[in-house]
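The values are calculated or read from the model by the stated rules, or taken from the named source; none is laboratory data. Here the structure is a predicted model, which is why all the values come from computation and not from measurement. Here the Cβ positions follow ideal geometry from the backbone for every residue, glycine too, while neighbour counts run over all protein chains shown. The protein model used for the area step is the full one, side chains on, heavy atoms only, and it has no ligands, DNA or RNA in it. Shrake-Rupley method; radii C 1.70, N 1.55, O 1.52, S 1.80 Å.
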Amino acid sequence: MMSKRKEVLTGVKGLDQILGSLLLGDNVVWYDESGNLASAFWLRFVRSSLENKVPVIFISFDRSPKNLFERLGTMGKSPLLTVLDCFTYGKGKGASAFLKFLENAPEKVKSRVVSVETPGDIKAFDEALYSVHEKLHGDVHLVFESLTGMQEVWGGEEQVGSFYSHSCPRLYDLSTVAYWIMEKGAHSQRLRAQINQIAQVALELSIKRGTSSLSVIKAEGRTPDRIQQPHHYQMKGPDIVFSGDKGGAGFRDLGTRIKQLRVKKGLSQVQMAKMVGVTASTISQVENNSIYPSIPGLLKMAEILNVSPGYLFSSDFEKRSQIVFPSGQASAVALANLSEYEGSVKMLTPLDFEGNAEPFMIEIEPEQTVSGHFFTHRGQEMGYVARGALEISFGDEVHKAKSGDLIYLQDQTPTRWYNPGPGAARLFWSKLR
């Protein structure tokens, strides 16, 4: 008798509800009508996988390593992530700019990348992929970005169809979950039909008149709601919310709210679990609304997150009219790339405060370096150097700021912060929504 396949979370609660979750062994094909909709879903799948301690292989044909790591943010530093780089020597043609990035990248980035020197050779690519997989333990999740890029590098649909046909059964037997991304309009109906026949799950993303929608084309062994009918969704902060979700009406459920506050505070699920006195699996299940925490556990979570227990259940975020925020309401925030010996970060308003800006006080000890930026944030940011001096790097470009200077970022992302000393540097920093 065949054992029941293990359920796997997509990282998007609404999609899990529509599909009834993914299953170990699934090959999931994403037909992206506009070419830029699928990234929101694979990002959340990667995040969910890493948070649940599952190794991820990201296969990139269309995206340079620099672009990819900027997109991944702090996820790019996870030892559980491996990037199979088929861009640098593929579409990148071994250009010095791409090679230089890999040469100069921090070790936490460089050690995550395996570059395939002949990505146009399907056999060489195949060997590189399964060589990486063999070194990993337990379940493995993969993201192929993208089948369209493969077709361009390999020279045609025949090669893509052949590779996909022999890889999917193999990945199924290896108990993986694989996301395959392809631009819908770039491929023939014949190839799409071939892929649909083999895939366990096929999804289509489209946008019409400003409304994004997802349609389930196939979900083998499951009976999803409204197959081949559009499920409308929208981006709400860090969440993808489908019409009909509680989140669609402005209600944020308990698990989602706990997760948002935990992420704001910079705690991992493992760290949160140790502080509460439960397992990381329990925190994961609470945040995915699979279980509800015990009353003592809930009270402890509220204490750690510096909010009232009632706030976690309120049907909408309270709009504070508070003008003065005492120092006791500031909350220490952890950064993955800044240890307590190198510096500290405090959010100056409570974690549950919903304003148009998020203010922080950041201190960096002398002769200490922050690799990358403090935050993963899409939007404008500004900072005031209240004490000391700092050097801000953008690749090879270095800017110096001293006490009294203002730093303004519109869409740039620093690659390095450094305090040359002699004393600690203090920076008042604000993320603007």
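Quick notes on this structure:
- Normalised Debye scattering of region 1-147 at q = 0.14, 0.18, 0.20 Å⁻¹ gives log10 I(q)/I(0) of -0.70, -1.14, -1.37, counting only Cα atoms as equal scatterers and leaving out solvent.
- Between 0 and 90°, nearest 10: helix 122-134 axis offset from the chain longest Cα axis: 50 degrees
- Residue 97-residue 411 pseudo-label distance in nm [points 7 Å out on the Cα-to-Cβ vector]: 1.5 nm
- Applying Stokes-Einstein at 25 °C and 0.890 mPa s to the Kirkwood radius of region 11-66, computed over alpha-carbon pairs, gives a translational diffusion coefficient of 190 µm² s⁻¹.
- Segment residue 263-residue 325, length gained on full extension (0.36 nm per residue, minus Cα span): 20.2 nm
- With respect to the chain, whose longest principal axis is taken over its alpha-carbon atoms, helix 295-305 is tilted by about 70°.
- Computed on region 91-250, with alpha-carbon pairs under 8 angstrom and 6+ residues apart, the relative contact order is 13 percent.
- Label zone at residue 229 (point 7 Å along Cα-to-Cβ), backbone N below 15 Å, region 12-28: 18-19
- Working from Cα pairs under 8 Å separated by at least six residues, relative contact order for the chain is 12 percent.
- Between 101, 124, 58, the Cα set farthest toward the positive side of the dipole of region 1-139 (charges on each charged residue's Cβ, about the Cα centre) is that of 101.
- Set of lysines with alpha-carbon distance to residue 259 below 21 Å, sequence-local pairs under 8 removed: 13, 53, 77, 236, 246, 274, 300, 319, 346, 431
- For region 260-304, the fraction of alpha-carbon pairs lying more than 14 Å apart is 42 percent, rounded to a whole number.
- ³J(HN,Hα) computed for each position of region 53-66 - Karplus, 6.51 cos²θ - 1.76 cosθ + 1.60, integer Hz, glycine/proline x: 6, 9, x, 10, 10, 9, 9, 10, 9, 9, 10, 5, x, 4
- For the listed peptides 379-389, 5-15, a ranking on the average number of other beta carbons within 10 Å per residue, highest first, reads 5-15, 379-389.
- Of 363, 117, 303, the one that fluctuates the most in a GNM where the chain has Cα springs shorter than 10 Å: 303
- This model, with +1 at the C-beta of Lys and Arg and -1 at the C-beta of Asp and Glu, gives the chain a dipole about its Cα centre of some 820 debye.
- Helix 38-51 and the longest principal axis of the C-alpha atoms of the chain enclose an angle of approximately 70°.
- Protection proxy ranking for 146-157, 105-116, using the average of other Cβ atoms within 10 Å per residue and placing the highest first: 146-157, 105-116.
- Cα-centred dipole magnitude for region 1-158, charges only on beta-carbon of K, R (+1) and D, E (-1), debye, nearest 20: 720 debye
- Global size of the chain: 22.8, 71 Å for Rg and Dmax (C-alpha atoms, Rg to one decimal, Dmax whole).
- Whole-number accessible area per residue in Å² for the chain, which is evaluated in the context of all protein chains at 1.4 Å: 48 Å²
- Label-to-label distance, residue 220 versus residue 118, with points set 7 angstrom from Cα along the beta-carbon direction: 3.2 nm.
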